[in-house]
Ligand SMILES: NC(=O)c1ccc[n+]([C@@H]2O[C@H](COP(=O)([O-])OP(=O)(O)OC[C@H]3O[C@@H](n4cnc5c(N)ncnc54)[C@H](O)[C@@H]3O)[C@@H](O)[C@H]2O)c1
Ligand SMILES: [Zn+2]
């Protein structure tokens, strides 16, 4: 099948391209090689160079907001995987115009470019994100399942990090977050991802193009931009450690996330695009297993043989959530997908790759920027 993959030079995109090529698909990549992700000097995507000589992929350097570039890339394509996006929760808060432009505007332009020949498309897959949930799902010992709103400033101001039940104010326990949990986006980035999901599903239903919005949880692994301080806590911590500095941890480090290895995520995308069911759905791509942020820092330092403990900054960022662990069941039913990589094996893969990388640590500059904008409290 001839497949267009936007953002195919990026972290998740390049791993997806690898798997698609192995499975004998013809792949067209459209990517503008955003300097924040790829650096300033890149002319061809390093991750794809191995495939280019084999002519298994075509690379179009172009912007998802450029209709002509999209129309050219869509020639003969039967399935579209839309991964290109501006990716960065904190950054989106002081660049809302750019984030809505690329993510929402870009998605709109892509759909419009598909309109003319919509019968040709067998599948549309769009990258959504766990960030659209806001807080994950919780359970109160007395009141059962609850979906508390984001923590109020007054609570965070006194360092009370855990969520409480809206009815009885007891501390609640995180439970697996299902797709039907009410969405409570707490960042501009999350709002754009939620909109992207809705745009894709709405368009897909109208034109009868089976469509899947994949809610990726916290993806980590090789090729995540080590010097981009805006995305990927594992890559950010690794970059700090490789520069001999302590990872900076917000709150008390016990906030938890669902870390899924990029090879698993790429496989989920492949399964989504190859599927033949008539589906129009959003589903989680996750492991269902919690890992705390402090555990990420400790596990990386241990594997690198470094005696560097993370610094708990005891501060918090506007819009940060406490816990969100995905329920993998729906993804298992719809995509027949199950994550296979353990967190330990995934970190080993990330570290092995990073040995050959130059990691410039830009964390302090990004922290200062968030502070300047009043987004760290
Ligand atoms: N990494 C995660 O943990 C995570 C979690 C949830 C969702 N996602 C989503 O997955 C997708 C891929 O993310 P990633 O982590 O691989 O990020 P990434 O930054 O590595 O890849 C994004 C790619 O899109 C390209 N791009 C950016 N703006 C573009 C534009 N205007 N036109 C064309 N190309 C453009 C970049 O050059 C880059 O190669 C994104 O849609 C992101 O929102 C990622
Ligand atoms: Zn209660």
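The values are calculated or read from the model by the stated rules, or taken from the named source; none is laboratory data. Since the structure is predicted, the reported quantities are computational estimates derived from the model, not experimental observations. Cβ atoms come from the backbone with ideal geometry, glycine included; neighbour counts cover every protein chain shown.
Quick notes on this structure:
- Residue 154 being within 16 Å of ligand 1 (Cβ to nearest atom) and either assigned to a helix (DSSP H, G or I) or surrounded by 18 or more Cβ atoms within 10 Å (Cβ to Cβ) (or both): no
- Residue within the range 242-258 that is farther than 14 Å from residue 88 by Cα and within 12 Å of ligand 1 (Cβ to nearest atom) present: yes
- When 98, 94 are checked against the criterion of being touching a helix residue (DSSP H, G or I) at 6+ places or on another chain (Cβ under 9 Å), away from ligand 1 (no atom under 16 Å from the Cβ) and in the same structural domain as residue 198 (by TED's automatic domain parsing), a single residue qualifies: 94.
- Matching option when the condition is more than 11 Å from ligand 2 (Cβ to nearest atom), in contact (Cβ under 8 Å) with a residue 40 or more places away in the chain and over 28 Å from residue 219 (Cα atoms), among 135, 153: 153
- Whichever residue in the range 180-201 is more than 12 Å from ligand 1 (Cβ to nearest atom) and touching a strand residue (DSSP E or B) at 6+ places or on another chain (Cβ under 6 Å) and, among such residues, is nearest to residue 327 (Cα to Cα): 181
- Scanning the range 20-52 for residues that are surrounded by fewer than 22 Cβ atoms within 10 Å (Cβ to Cβ), more than 14 Å from ligand 1 (Cβ to nearest atom) and at pLDDT 90 or above yields 21, 22, 23, 24, 25, 26.
- Scanning the range 162-191 for residues that are free of Cβ contacts under 8 Å to residues at least 12 places away in the same chain, in a loop (DSSP other than H, G, I, E, B) and within 16 Å of ligand 2 (Cβ to nearest atom) gives a single hit, 169.
- Test: residue in the range 61-78 that is more than 9 Å from ligand 1 (Cβ to nearest atom), surrounded by 21 or more Cβ atoms within 10 Å (Cβ to Cβ) and part of a strand (DSSP E or B): no
Each row is one residue, and each column tells you yes or no for (1) in the same structural domain as residue 341 (by TED's automatic domain parsing); (2) more than 30 Å from residue 48 (Cα to Cα); (3) at pLDDT below 95.
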position	(1), (2), (3)
168	no, yes, no
171	no, yes, no
186	yes, yes, yes
193	yes, no, no
206	yes, yes, no
213	yes, no, no
224	yes, no, yes
239	yes, no, yes
252	yes, yes, yes
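- Test result for residue 90, over 24 Å from the mean Cα position of the chain (by Cα) and closer than 30 Å to residue 253 by Cα: no
- Filtering the range 12-34 to residues that are in a helix (DSSP H, G or I) and touching a strand residue (DSSP E or B) at 6+ places or on another chain (Cβ under 7 Å) leaves 12, 13, 16, 17, 20, 21.
- Any hit, the range 115-123, residues being away from ligand 2 (no atom under 16 Å from the Cβ), surrounded by fewer than 24 Cβ atoms within 10 Å (Cβ to Cβ) and more than 17 Å from residue 76 (Cβ to Cβ): no
- Sole residue being in contact with a strand residue (DSSP E or B) (Cβ under 6 Å, 6 or more places away or on another chain), more than 15 Å from residue 130 (Cα to Cα), part of a loop (DSSP other than H, G, I, E, B) and in contact (Cβ under 8 Å) with a residue 24 or more places away in the chain, chosen from 272, 225, 246, 309: 246
- Some residue of the range 280-288 being out of contact with any helix residue (DSSP H, G or I) (no Cβ under 8 Å at 6 or more places or on another chain), closer than 28 Å to residue 180 by Cβ, away from ligand 1 (no atom under 13 Å from the Cβ) and part of a helix (DSSP H, G or I): no
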